[in-house]
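Read-outs: derived from the displayed coordinates by stated rules, not from any lab. Predicted model only: the values in this text are computed from it and were never measured. Neighbour counts run over all protein chains shown; Cβ positions are idealised from the backbone, glycine included.
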Amino acid sequence: MLDRSLIGKTYPECFFLVNKKRLIAFAKATQQSDPIYFDEDIAKKDGHPSILAPLTFLTTTRYEQEKPYQYLDDLGISLGRILHAKQEYTNYESIYAGDELRMDSKIGDIYDKKDGMLEFVSFISNYKNQKNVLVAESVSTLVLRNNEKK
Amino acid sequence: MKKNEINNFRIGDEIPNFHIKPISRSMLTLYATASGDHNPIHIDSDYAKKSGLPDVIAHGMLIMSFLGQTITNIFPQGSIKKFDSKFLAMTNINDCLTCKGKIINIELKDSLKRFSLKLLVIDSSGKKKLSGSAIVELKLNEKNK
């Protein structure tokens, strides 16, 4: 069983620049058809300050960290044993190219189902922009199967 | 176009389906590069087979991004306050997926019109891959750009 005392453990703040090239690449890879996600002129004509970050773009911030899964290491979980069970986003403000985001994270919860055969870990990240405005919250829940030995 | 559609929505209505092109290796490679998620289970067949899978599987977050477009095809992104999804089954190469959305509630609150959506991604045999939900809040009288 995972160490429940790690619930609430916080992680150092991370900084990310929302890079325009990165946004355009992400829009292409996710096959966005609306040009507000990849054409700055059209985005501006539509009333946006710059290219808009798509709904799931914040997922990329994880991989910009040196150790994207430090919290799994802390819990003693290897990446091969987990699956992404659930992803939740709460959006407060839009995110645009050029924004500077600050991410605060913590282990939100650890719980189990099916008599401990399945254990869940939720990881909560809050994002603020350069104006110190909370723009989004992400809750990423991973599931660990204890019945499968690897 | 969007505005008229939105104003006509009633509880129980479905929003238009969004059909995803068949999942291909190049889609997954492109997404790995763009997202930074280089987990080999999505891009390396040998690794996937060693892990007990028939082949590479799609990134769940890629499928979630397609599901997101089902909503943004209709509603302005800035009005989408909550968006979540549960990953129910793995998506394989050549899977043909369809994203669906249904309006399960509409409420007027202060000067807001709040839509609750139930979302689903299924493959061509009807198997559920993702289920999700979204909350959309539009200001009344807002120009729905």
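Listed values, structure above:
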{"quantity": "Of B:Lys86/B:Lys139; A:Lys9/B:Lys127; A:Lys67/B:Lys100; A:Lys20/B:Lys82, pairs whose Cα-Cα distance is over 31 Å", "calculated": "A:Lys9/B:Lys127; A:Lys67/B:Lys100"}
{"quantity": "Peptides B:113-124, A:124-135 ordered by average Cβ neighbours within 10 Å, highest first", "calculated": "B:113-124, A:124-135"}
{"quantity": "Placed amide H near A:Lys86: partners under 5 Å, 5+ positions off or other chain", "calculated": "A:Thr141, B:Phe87"}
{"quantity": "Peptide ranges A:77-86, B:81-90 listed from the most packed, as the mean C-beta count within 10 angstrom indicates", "calculated": "B:81-90, A:77-86"}
{"quantity": "Principal-axis tilt of helix B:25-35 within chain B, Cα atoms, nearest 10 degrees", "calculated": "60 degrees"}
{"quantity": "10 Å Cβ neighbours from other chains, averaged over peptide A:98-110", "calculated": "0"}
{"quantity": "Alpha carbon centroid spacing (whole Å) that separates the stretch A:67-112 from the stretch B:1-70", "calculated": "19 Å"}
{"quantity": "Footprinting exposure proxy for A:Tyr63, A:Tyr69 (fewest neighbouring C-beta atoms within 10 Å first)", "calculated": "A:Tyr63, A:Tyr69"}
{"quantity": "Rounded tilt (10° steps) of B:60-72 against the dominant C-alpha axis of chain B", "calculated": "20 degrees"}
{"quantity": "In Hz, Karplus ³J(HN,Hα) per residue of the stretch A:69-75 (6.51, -1.76, 1.60; θ = phi - 60°; x = Gly, Pro)", "calculated": "10, 3, 5, 6, 4, 4, 8"}
{"quantity": "Simple spin-label estimate for B:Met90 and A:Ser50 in nanometres, 7 Å along Cα-Cβ", "calculated": "3.9 nm"}
{"quantity": "Relative contact order (percent, whole number), chain B, Cα cutoff 8 Å, 6+ residue spacing", "calculated": "28 percent"}
{"quantity": "Relative contact order (%) - criterion: Cα under 8 Å, at least six apart; region: the stretch A:4-145", "calculated": "29 percent"}
{"quantity": "Exercise: per-residue mean of other protein chain Cβ atoms within 10 Å, B:86-92", "calculated": "2"}
{"quantity": "Within 10 Å of each Cβ in B:95-106, the average number of Cβ atoms from other chains", "calculated": "0"}
{"quantity": "Degrees separating the helix A:20-29 axis from the principal Cα axis of chain A, which is the longest one", "calculated": "70 degrees"}
{"quantity": "Residues whose placed amide H lies under 5 Å from that of A:Asp99, excluding near-sequence neighbours", "calculated": "A:Val18"}
{"quantity": "Gained length - B:Asp44 relative to B:Lys128, 0.36 nm times residue gap less alpha-carbon distance", "calculated": "27.8 nm"}
{"quantity": "For B:Lys129, distant residues with modelled amide H under 5 Å away", "calculated": "B:Val121, B:Ile122, B:Asp123"}
{"quantity": "Cα centroid of the stretch B:91-145 to Cα centroid of the stretch A:23-55, whole Å", "calculated": "21 Å"}
{"quantity": "At R0 = 30 Å, FRET efficiency that the Cβ-Cβ distance of A:Val139 and B:Ser111 yields, to 0.05", "calculated": "0.60"}
